[in-house]
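Read-outs: derived from the displayed coordinates by stated rules, not from any lab. As the structure is a prediction and not an experimental result, all values here were calculated from the model. Positions of Cβ are backbone-derived with ideal geometry, glycine not excepted, and every protein chain shown enters the neighbour counts.
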Amino acid sequence: MNNLHNSFRNLVVKFALVCSFSGYGYGYAQEADLELYERQLFLQGEDTLACRILSPAHFSPEKKYPLLVFLHGSGERGSDNESQLKWGGELFLDSAYREKFPAIVVFPQCPADSSWSVRIRKKDSIGQFTFPTDVPPTRPLQLVMDFIDTLISSGIVDVNRIYIGGLSMGGFGTFEILWRRPQLFAAAFPICGGGNPAMAKSYGRNFPVWVFHGEKDEVVAPVNSHIMVEALKKANAKVKYTEYPDVKHDSWINAFAEPELLPWLFSQKR
């Protein structure tokens, strides 16, 4: 653990350096340089979690910042520490958002042979899943949770403003990490995913969550989001649901274009 602490003390310095040499104050299209996400490897025993980290605009080691973790979909799995930025990476590079909502943004990458969640597809016609709760999390999801804990221990994270989101496989991972760490997050935005409705009561009370799905999704049926939205309502969560007519699996494109998504997200506090 000492090595991890040393690693993240170094990371604080790197955040400052990235902010010193990165330009701000210009538009989305011009600033869509994904290399502003610093490459990091979180090492734990024999396991490695590849991550890309975007530092806050005008970073100061004297401040604490919101932390946003985004879980990619199955198509971005691998070990290149790059593919996970394909969807959503540019959104957080918008200079106006970075000025208004300075935050630490983390895109971890799941290995090609694993997943962010434990789920079993039901043998039915509507594409539902079952979600066992008596098994440990996948190793990548456990590493994400441990990585968040290490960032918190570095002293640069506002523990009342930690957010989680994800698309497709990452949407499933979002719902799972919420019940595995029910007191950790301030808000969540799962996109075209699903989860265990029985676990919503463990984290749902007064919890802000914005769920997205495409009406014509043939990969992850919208019923998975419908079930979770109803479960969250019963758990008295502050749930919002947006379903896009005639949109298939790539509903994350629409979700990322929602002008209120980031203002809503960063307004939430635990």
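Here the spin labels are modelled as points 7 Å beyond Cα on the Cα-Cβ line, and at Val135 and Ala198 they lie 1.5 nm apart.
Our Cα-only numbers for segment 54-153 put the radius of gyration and Dmax at 16.5, 54 Å. In the elastic network of the chain, a GNM with C-alpha springs shorter than 10 Å, the most mobile of Leu143, Leu91, Leu54 is Leu91. Karplus-derived 3J(HN,Hα) values for segment 247-254, using 6.51 cos²θ - 1.76 cosθ + 1.60 with θ = phi - 60°, are 9, 8, 6, 7, 5, 5, 4, 5 Hz; glycine and proline are entered as x. Highest mean packing first, where packing is the average number of other Cβ atoms within 10 Å per residue, the peptides 190-196, 206-212, 96-102 line up as 190-196, 206-212, 96-102. Counting other Cβ atoms within 10 Å as a rough exposure proxy, the listed residues Arg270, Arg39 run Arg39, Arg270 from fewest neighbours to most. Our coupling estimate for segment 95-104, obtained by passing each phi through the Karplus curve with A = 6.51, B = -1.76, C = 1.60 and θ = phi - 60°, is 4, 5, 5, 5, 6, 7, 10, x, 7, 8 Hz, Gly and Pro reported as x. Put the Cα centre of segment 81-111 next to the Cα centre of segment 176-227 and the gap is 21 Å. Relative to the current alpha-carbon distance between Lys238 and Lys86, full extension at 0.36 nm per residue lengthens the span by 51.8 nm. Taking each of Lys122/Lys234; Lys64/Lys233; Lys122/Lys201; Lys100/Lys238 in turn, the alpha-carbon distance tops 29 angstrom for Lys64/Lys233. Comparing Glu62, Glu230, Glu76 in a Gaussian network model of the chain where C-alpha atoms under 10 Å apart are linked, the largest mean-square fluctuation is found at Glu62. By the count of neighbouring beta-carbon atoms within 10 Å, fewest first, Ile53, Ile253, Ile152 end up ordered Ile253, Ile152, Ile53.
Per-residue Karplus couplings for segment 261-270, computed as 6.51 cos²θ - 1.76 cosθ + 1.60 with θ equal to phi - 60°, are listed in order as 4, 6, x, 4, 4, 6, 7, 8, 9, 7 Hz, Gly and Pro entered as x.
Under the shape rule built on the C-alpha gyration tensor, where the axes satisfy a ≥ b ≥ c, the chain is prolate, since a/c reaches at least 1.5 and a/b is greater than b/c. Neighbour counts of other Cβ atoms within 10 Å put Thr242, Thr174 in the fewest-to-most order Thr242, Thr174.
If I build a Gaussian network model for the chain, linking alpha-carbon pairs within less than 10 angstrom, which residue out of Leu93, Leu34, Leu184 has the largest mean-square fluctuation? The residue with the greatest mean-square fluctuation here is Leu34.
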